[in-house]
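The values are calculated or read from the model by the stated rules, or taken from the named source; none is laboratory data. What you are looking at is a predicted structure, and each value in this text was computed from that prediction instead of being measured. Neighbour counts run over all protein chains shown; Cβ positions are idealised from the backbone, glycine included. Surface areas here come from the heavy atoms of the whole protein model, side chains and all, with no ligands, DNA or RNA. Shrake-Rupley method; radii C 1.70, N 1.55, O 1.52, S 1.80 Å.
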Amino acid sequence: MNENTIDSLRAALKHSSDNIPLRLLLADTLLALNRLEEAEIEYCILLKTSNDSKAKFGLATIFYKKGNYSACNVILEEIIEKETNEINVYTLYAKGLLKENAINKAIEAYKKALTIDPKYFDAELDTQLRQKGTYEVIETEEEIDSRFLQKPNINFSDVGGMETVKKEIELKIIKPLLHPELYKAYGKKIGGGILLYGPPGCGKTFIAKATAGQVNAKFISVSLNDILDMWIGNSEKNLHEIFELARQHSPCVLFIDEIDALGASRSDMKQSSGRHLINQFLQELDGIDNTNEGVLIIGATNTPWNLDPAFRRPGRFDRIVFVPPPDITTKEAILRLKLNNKPTETIDLLSIAKRAENYSGADIDAIIDIAIEQKLESSFSDGIPKPLETTDLLNALKKHKPSTQEWFSTAKNFALFANDSGLYDDILTYLKIKK
């Protein structure tokens with residue numbers, strides 16, 4: 001941006017002084033050129049007539065550049081109170097807090113930025129906070145156990161349908177635990193990994209928990225948020241501690257959700273910290289320093305094509321199992337369970353299940369919620385709950401399309417054009433497409 005551009009913007013504002021986007025562009029341009037005094041005037045004019053958060057952020061940036069960190073932070077706190085999800089707001093806030101030596105608050109602000117985008121990285125903040133950070137939340141062993149360890153009270157009898165999935169899990173996980181002497185005779189370890197993939201909301205977590213219940217094992221469920229830490233080296237430490245917890249309580253099913261976020265291809269990782277975490281994960285899977293005997297590892301992902309190929313080597317996640325949307329029998333069972341204890345007429349569950357093609361378990365939850373909301377409206381007049389009818393649920397089906405459609409659109413392309421090993425043949429079978 002040169003002087004001519006600024007002159008043009010000023011000239012345009014003379015004819016349209018109330019044009020907020022135009023004045024914001026002028027203010028942002030002046031700020032980018034470090035003409036702070038002029039930019040401040042324009043932002044202040046904006047804030048007199050509007051409550052624009054971008055103008056507030058611009059003014060806060062000026063105060064930060066001028067060294068008025070207190071004023072900067074006050075403005076940013078006003079923006080944050082409105083529950084913004086702008087990473088640059090939390091980043092500047094963390095830097096402003098650091099200048100005022102509010103270390104702990106700065107750490108929380110930076111953590112919030114990382115929560116919004118776990119891949120986000122600010123070199124200045126990362127360096128300064130690691131140098132100045134003096135606290136660490138230390139959990140006792142009992143607290144860690146109670147936070148992660150579960151003893152499921154469900155098993156395969158509680159899982160409707162999913163026969164192919166159950167058969168794969170039984171062969172890879174359950175049989176070795178029931179017949180350890182046979183496996184040891186052939187020199188095979190009891191344990192290992194299985195990867196469940198498919199569209200979201202189709203019961204991957206439920207089948208993992210039922211697996212633990214089926215073999216009377218402990219169950220640990222973790223996601224990326226349980227592992228990631230802003231301090232370099234702590235994410236790897238967290239991951240190791242979770243695997244250690246599983247080893248100490250074998251037989252144990254360790255379920256890792258959204259494993260694609262943790263196991264993205266190492267070549268795609270821009271930060272060395274991300275690559276270190278993947279390498280640590282592969283070491284834990286291999287049991288290099290500690291045996292994983294009796295630890296049954298189940299990973300779940302919606303996007304298996306984003307996983308580092310190293311995850312699928314023998315001894316790691318060497319079985320990959322497709323978890324499709326529930327079949328008609330399963331959908332009927334889900335409807336019956338979800339409608340239990342709700343005011344209903346006699347409902348034709350089979351008819352609804354047949355029409356809910358490609359609907360996930362989460363989608364079925366959604367259509368029941370839509371039907372209930374409609375009934376609530378008609379019940380407000382007399383305060384008497386109106387029973388749900390078959391037509392209510394069929395009408396709700398028309399209003400909520402299956403969330404799996406977008407997933408299948410992407411998955412179909414991978415199954416057709418990036419499937420040399422036949423890894424995604426189950427998708428083609430489900431879609432009734434001949435290879």
Suppose we filter the range 328-345 for residues that are assigned to a loop (DSSP other than H, G, I, E, B) and either acidic (Asp, Glu) or within 12 Å of Leu393 (Cα to Cα) (or both); how many remain? 1
Mind listing just one residue for me: the one in the range 373-388 that is of a type outside the set (Ser, Thr, Tyr) and assigned to a helix (DSSP H, G or I) and, of those, least open to solvent (accessible area, probe 1.4 Å)? Lys375
The residue from Asn302, Asn238 that alone is modelled with pLDDT of 80 or more, touching a helix residue (DSSP H, G or I) at 6+ places or on another chain (Cβ under 8 Å), over 29 Å from Thr404 (Cβ atoms) and among the polar types (S, T, N, Q) is Asn238
Tell me whether the range 360-370 contains one or more residues that are without any contact (Cβ under 8 Å) to a residue 12 or more places away in the chain and either outside any helix (DSSP H, G or I) or among the aromatic types (Phe, Trp, Tyr) (or both). no
May I ask you to list the residues in the range 24-45 that are in contact (Cβ under 8 Å) with a residue 24 or more places away in the chain, over 22 Å from Tyr90 (Cβ atoms) and either in a helix (DSSP H, G or I) or of a type in the set (S, T, N, Q) (or both)? Thr29, Leu30, Asn34, Leu36
Name the residue, out of Ile364, Ile427, Ile370, that is open to solvent by less than 60 Å² (accessible area, probe 1.4 Å), modelled with pLDDT of 90 or more and over 23 Å from Phe206 (Cα atoms). Ile370
Restricting to the range 72-114, name every residue that is under 21 Å from the mean Cα position of the chain (by Cα), surrounded by 15 or more Cβ atoms within 10 Å (Cβ to Cβ) and either part of a loop (DSSP other than H, G, I, E, B) or of a type in the set (S, T, N, Q) (or both). Thr84, Glu86
Could you count how many residues in the range 263-291 are open to solvent by 20 Å² or more (accessible area, probe 1.4 Å) and either at pLDDT 80 or above or touching a Lys or Arg at 6+ places or on another chain (Cβ under 7 Å) (or both)? 8
Sort through Leu46, Leu59 and tell me the only one that's modelled with pLDDT under 90 and either in contact with a strand residue (DSSP E or B) (Cβ under 9 Å, 6 or more places away or on another chain) or buried (at least 19 other Cβ atoms within 10 Å of the Cβ) (or both). Leu46
Looking only at the range 246-260, filter to residues that are open to solvent by 10 Å² or more (accessible area, probe 1.4 Å) and out of contact with any Lys or Arg (no Cβ under 9 Å at 6 or more places or on another chain); which one of those is modelled with the lowest pLDDT? Asp260
Neighbours by Cβ (under 9 Å, 6+ apart or cross-chain): first from the range 326-346, over 13 Å from Asp158 (Cα atoms); second aromatic (Phe, Trp, Tyr): Pro326/Tyr359; Lys331/Tyr359
When Leu349 is evaluated against the numbered criteria (1) in contact (Cβ under 8 Å) with a residue 24 or more places away in the chain; (2) surrounded by 14 or more Cβ atoms within 10 Å (Cβ to Cβ), which criterion, by number, is the only one it fails? (1)
Pair list, Cβ < 9 Å and 6+ apart or interchain, from the range 149-172 residues that are open to solvent by 60 Å² or more (accessible area, probe 1.4 Å) to residues that are among the aromatic types (Phe, Trp, Tyr): Gln150/Phe219; Lys151/Phe219; Asp158/Phe206; Thr164/Phe322; Glu170/Phe156
Would a scan of the range 403-419 turn up a residue that is open to solvent by 30 Å² or more (accessible area, probe 1.4 Å), part of a loop (DSSP other than H, G, I, E, B) and at pLDDT below 90? yes
Taking the range 194-228, which residues are polar (S, T, N, Q) and farther than 21 Å from Asp318 by Cβ? Thr205, Asn216, Ser221, Ser223, Asn225
Flag for Glu78 being closer than 28 Å to Ile107 by Cβ, out of contact with any Pro (no Cβ under 6 Å at 6 or more places or on another chain) and charged (D, E, K, R): yes
Which one of these does Pro325 not meet: (1) open to solvent by less than 70 Å² (accessible area, probe 1.4 Å); (2) outside any loop (DSSP other than H, G, I, E, B)? (2)
